[in-house]
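The values are calculated or read from the model by the stated rules, or taken from the named source; none is laboratory data. Worth saying up front: this structure is predicted, and the values here are computed from it rather than measured. Quick reminder, even Gly has a Cβ in these numbers, built from the backbone with ideal geometry, and neighbours come from all protein chains shown. Areas reflect the complete protein model, heavy atoms only, side chains present, ligands, DNA and RNA absent. Shrake-Rupley method; radii C 1.70, N 1.55, O 1.52, S 1.80 Å.
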Amino acid sequence: MHGASPQTAERARDVTRGFLTAVAAPAGDGTDAVLLVVSELVTNAVRHAGGVTQLRLVAGPGTVTVTVEDASSTAPTLRRSSVGEPGGFGWQLVRELSEDVEVSTRPGGKTVSALLALSH
């Protein structure tokens, strides 16, 4: 398990790359998906929830669970955006790339956890 509280998607990806190397995750589509989900969840927390209070990465047999905590109790929602508008596709992408996604609210914020397979 690895925990941090990066405040940019770039820093979160760096932390995640180090974690994936440490757990000897095979490079490929699964690790790319983990990096993309981390980037989207951290970006959403920074843009919409006042920043990341905790990023946790946990390796399981053939999986990685990405957990991002922030200080907003507002759950993520799908945004309806036209193709010409920037943004609005991150939450949908997180849900599509993950095997399972859970959102739980608590006093003072929320926790978003995504379970991803390392190989498809």
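Values for this structure:
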item	result
Cβ-defined net charge surrounding ARG106, 14 Å radius [Lys, Arg +1; Asp, Glu -1]	-2
The chain, accessible surface, carbon-and-sulfur percent (1.4 angstrom probe)	51 percent
The chain, relative contact order [Cα under 8 Å, separation at least 6], %	28 percent
Debye, to nearest 20: dipole size of the chain, +1 on Lys, Arg Cβ, -1 on Asp, Glu Cβ	300 debye
Under 10 Å, Cβ to Cβ, from VAL52 - net charge with Lys/Arg +1 and Asp/Glu -1	-1
Listed residues GLN54, LEU35, PHE19: farthest to the positive end of the dipole of the stretch 12-112 (Cβ charges)	GLN54
Helix-only [θ]222 nm of the chain, DSSP H runs n ≥ 4, -39500 (n - 2.57) each, per residue, nearest 500	-11500 deg cm²/dmol
Cα-based Rg of the stretch 1-46 normalised by 2.2 N^0.38 Å, two decimals	1.08
Per residue accessible area in Å² of the chain, where ligands, DNA and RNA are left out and the probe is 1.4 Å	55 Å²
Neighbourhood net charge (12 Å Cβ-Cβ; Lys/Arg +1, Asp/Glu -1) for ALA9	0
